[in-house]
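Structure, as C-alpha cells:
The values are calculated or read from the model by the stated rules, or taken from the named source; none is laboratory data. As the structure is a prediction and not an experimental result, all values here were calculated from the model. Neighbour counts are summed over all protein chains in view; Cβ atoms, including those assigned to glycine, are modelled from backbone coordinates with ideal geometry. Keep in mind that these areas ignore ligands, DNA and RNA; they rest on the heavy atoms of the full protein, side chains included. Shrake-Rupley method; radii C 1.70, N 1.55, O 1.52, S 1.80 Å.
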Amino acid sequence: MDTGGSMAPYIRTCSQLFTAAHSSTHFKDFQYYYFHNCIYDDVYRDMERMDKVSTDYLLQTLEPDYKTVIVGDAYMAPSELLDRNGIIYYYQSNDVPGIDWLKRIAGHFTHTVWLNPDYNLGQQPTTVAIISKLFPCTVSPSTVG
C-alpha cells in the first residue's frame with residue numbers, strides 16, 4: 001500500500017480495507033507491505049518505512065498464485081517510475097527502476113490488481129497511464145460504482 005503524500009486523504013479507507021481483509025477467513029495467508037509512490041528494491045512492514053523486506057525476496061518466496069493487491073494512486077514524477085535512482089528519498093537509492101519492479105510483479109503473480117483510490121481520473125498524470133497498462137484491471141471507486 002502506498003503511504004504518504006497524495007495518499008493521505010485515503011488513509012482511513014485503506015485502513016478499513018486492510019482491516020477487513022486481515023479479519024477475513026477467505027485468505028490462507030495474508031501479508032501486507034507499504035511503499036511510497038512506487039515499489040522499488042524494498043517494501044516495508046510498517047507505514048514509517050523502517051522495517052524493510054527485499055522485493056526480490058518476496059518474488060522468490062511467494063508462490064505465483066498469491067492474490068496480490070497493490071493500493072496506490074500512482075501519482076509520482078515520471079522519473080520516480082522510470083529511472084534508476086528515481087526514488088525521492090535522499091538517503092535511499094533504487095538500482096532497478098520502479099517500472100521494472102512492477103513488471104516483475106505483474107509477470108510473477110497470476111492474480112494482481114492495482115487499486116487506485118483517486119476519484120479524479122480526468123487529469124491523469126503519465127505515471128497512471130503507464131501503470132494502467134501493466135495492470136489492466138486497475139480500478140478506482142469511480143469505475144466500481
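Tabulated results
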{"quantity": "Out-of-range pairs (alpha-carbon distance over 21 Å; input 28/103; 67/133; 52/133; 67/103)", "calculated": "28/103; 52/133"}
{"quantity": "Length gained when the stretch residue 93-residue 134 is fully extended (0.36 nm per residue, less Cα-Cα span)", "calculated": "12.4 nm"}
{"quantity": "Protein accessible area in the stretch 77-119, 1.4 Å probe - carbon and sulfur %", "calculated": "54 percent"}
{"quantity": "Surface accessible to a 1.4 Å probe, per residue, for the residues of the chain, Å²", "calculated": "59 Å²"}
{"quantity": "Ordering of 81-87, 71-77 by packing [mean C-beta count within 10 Å, highest first]", "calculated": "71-77, 81-87"}
{"quantity": "Student exercise, the chain dipole from Lys, Arg, Asp, Glu Cβ charges, in Debye to nearest 20", "calculated": "300 debye"}
{"quantity": "Calculated [θ] (222 nm, deg cm²/dmol) that DSSP helices of n ≥ 4 give over the chain, each run adding -39,500 (n - 2.57)", "calculated": "-9000 deg cm²/dmol"}
{"quantity": "Three-way shape label, the chain, alpha-carbon gyration tensor, a/c 1.5", "calculated": "rounded"}
